[in-house]
Amino acid sequence: MVSYDTTYEPAIPVTRVRITDTFRSQTLGPLDVIIDSGADCSSIPESAIGSWLRFDRETGRALDYNGNTLKQRFIRIVRARVEILNDRGEVLLVREHLDLRLLVLQEEALLGRDVLNHLVCELNGPGLRGELR
């Protein structure tokens, strides 16, 4: 359920997810996401939300690495179901989340601590494999 993308140096852990707004019956994905235990929140690429007509948008402030204030865009999903998928799109793991905020980025999709802290995440960098459970 976790593989490593070796096109990056060093290789990065990735998995596939589908996120459903269970209140509005809208689904994002499946998306290939980078597993980033250092990210405060999960993110989605702007292109992934293009077809979503109804979702709660909000703007927030964040700090970059140099302490500069940045304006950030989020979408908020009041009742979210996050599904971890295998390469064939079969559901391996499901977690329900209340009030999930997803940072909207240009290109990257990240699975951050807001989701990872509800899972056991084992990463074996030297072995280029990992597991979520």
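Restricting to segment 118-133, name every residue that is more than 11 Å from S3 (Cα to Cα) and acidic (D, E). Of everything in segment 118-133, just one residue is more than 11 Å from S3 (Cα to Cα) and acidic (D, E), namely E122.
Restricting to segment 60-97, and then to whatever is small (G, A, S) and surrounded by 10 or more Cβ atoms within 10 Å (Cβ to Cβ), can you tell me which residue is modelled with the lowest pLDDT?
For segment 60-97, the residue satisfying everything is A62.
Scanning segment 5-22 for residues that are in a strand (DSSP E or B) and under 18 Å from L93 (Cα atoms) returns P13, V14, T15, R16, V17, R18, I19, T20, D21. Screening segment 60-95 for residues that are small (G, A, S), within 27 Å of P13 (Cα to Cα) and outside any loop (DSSP other than H, G, I, E, B) and picking the one that is nearest to the chain's Cα centre (by Cα) gives A80. Taking the residues in segment 116-133 that are of a type in the set (A, V, I, L, M, F, W, C) and in a loop (DSSP other than H, G, I, E, B) as candidates, determine which candidate is surrounded by the most Cβ atoms within 10 Å (Cβ to Cβ). Step by step, filter segment 116-133, then rank; the result is L119.
Quick check, is R57 loosely packed, with under 12 Cβ neighbours inside 10 Å and in a strand (DSSP E or B)? Judged against the criteria, R57 is a match.
Taking the stated definitions as given, is L102 modelled with pLDDT of 90 or more and in contact with a helix residue (DSSP H, G or I) (Cβ under 9 Å, 6 or more places away or on another chain)?
Working: modelled with pLDDT of 90 or more: yes; in contact with a helix residue (DSSP H, G or I) (Cβ under 9 Å, 6 or more places away or on another chain): yes.
Yes; evaluated as a whole, the condition is true for this residue.
Of all residues in segment 98-107, those satisfying the criterion of being surrounded by 14 or more Cβ atoms within 10 Å (Cβ to Cβ) and either among the hydrophobic types (A, V, I, L, M, F, W, C) or not in a strand (DSSP E or B) (or both) are L100, L102, L103, V104, L105.
Cβ-Cβ distances below 6 Å connect no pair with a first residue in segment 1-16 that is farther than 16 Å from E131 by Cα, a second residue that is part of a strand (DSSP E or B) and of a type in the set (A, V, I, L, M), and a separation of six or more residues or different chains. Residues that are in a loop (DSSP other than H, G, I, E, B) and surrounded by 14 or more Cβ atoms within 10 Å (Cβ to Cβ) within segment 23-48 comprise R24, D36, A39, C41, S42, listed in sequence order.
The values are calculated or read from the model by the stated rules, or taken from the named source; none is laboratory data. Everything quoted here is computed from the prediction, not taken from an experiment. No Cβ is skipped: glycine too gets one built from the backbone with ideal geometry, and neighbour counts run over all protein chains shown.
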